[in-house]
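Below you'll find the structure, written out as structure tokens, and then a few comments.
Coordinate-derived values only; no laboratory data. These figures come from a predicted structure and were not determined experimentally. Here the Cβ is made from the backbone with ideal geometry for all residues, glycine too, and neighbour counts use every protein chain on show.
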Amino acid sequence: MGEKDDNLEPVDLDLGKVLTALADPHRRRVIRELAQADTGTERTCASFRLPVSKATVTHHFRVLREAGLIRQVDRGNSRAAALRREEIDTRFPGLLPLIAEEISP
């Protein structure tokens, strides 16, 4: 399969959903690592090595995807996540630099 949710427009990003997604430190860590990476970087969910169960990892990535912060690309039997940098920067200028500069706990 290809990329999912390709038709998301910046205006479709809801501030409440974005803030709810970013309230969790594990999800914020995913966004921080993607924001610090080169534009277009795609990483598998497992590569973030979140200290939670596989089911919880799946939940975290679903929340990020539904908030419009990431898109996921199917890679056979795994998925890669990519930051929706352009859409986020257009809708919420300055948000990604704030997250990227956050000191991780």
### Task
Determine which single condition His59 fails, assuming it passes every other condition in (1) farther than 15 Å from Arg29 by Cβ; (2) in a helix (DSSP H, G or I); (3) not aliphatic (A, V, I, L, M).
(1)
### Query
What single numbered condition from (1) touching a strand residue (DSSP E or B) at 6+ places or on another chain (Cβ under 8 Å); (2) surrounded by 12 or more Cβ atoms within 10 Å (Cβ to Cβ) fails to hold for Arg75?
(2)
### Query
In the list Val11, Val18, Val52, which residue meets the criterion of being within 14 Å of the chain's Cα centre (by Cα) and not basic (Lys, Arg)?
Val18
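For the subset of the stretch 4-45 comprising residues that are of a type in the set (Gly, Ala, Ser) and assigned to a loop (DSSP other than H, G, I, E, B), which member is surrounded by the fewest Cβ atoms within 10 Å (Cβ to Cβ)?
Applying the first criterion (of a type in the set (Gly, Ala, Ser)) to the stretch 4-45 yields 16, 21, 23, 35, 37, 40.
Applying the additional criterion that residues be assigned to a loop (DSSP other than H, G, I, E, B) yields 37, 40.
On the way: Ala37: 15, Gly40: 8.
Restricting to residues being of a type in the set (Gly, Ala, Ser) and assigned to a loop (DSSP other than H, G, I, E, B), the top hit is Gly40.
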### Task
Please state which one of Leu15, Leu69 is of a type in the set (A, V, I, L, M, F, W, C) and free of Cβ contacts under 8 Å to residues at least 60 places away in the same chain.
Leu69
### Task
Read through the list (1) touching a residue at least 60 places away in the same chain (Cβ under 8 Å); (2) touching a Lys or Arg at 6+ places or on another chain (Cβ under 9 Å); (3) under 21 Å from Leu13 (Cβ atoms), then give the number of the only condition that Val63 fails.
(1)
### Task
Could you grab me the full set of residues in the stretch 87-105 that are surrounded by fewer than 17 Cβ atoms within 10 Å (Cβ to Cβ), touching a residue at least 12 places away in the same chain (Cβ under 8 Å) and among the charged types (D, E, K, R)?
Glu102
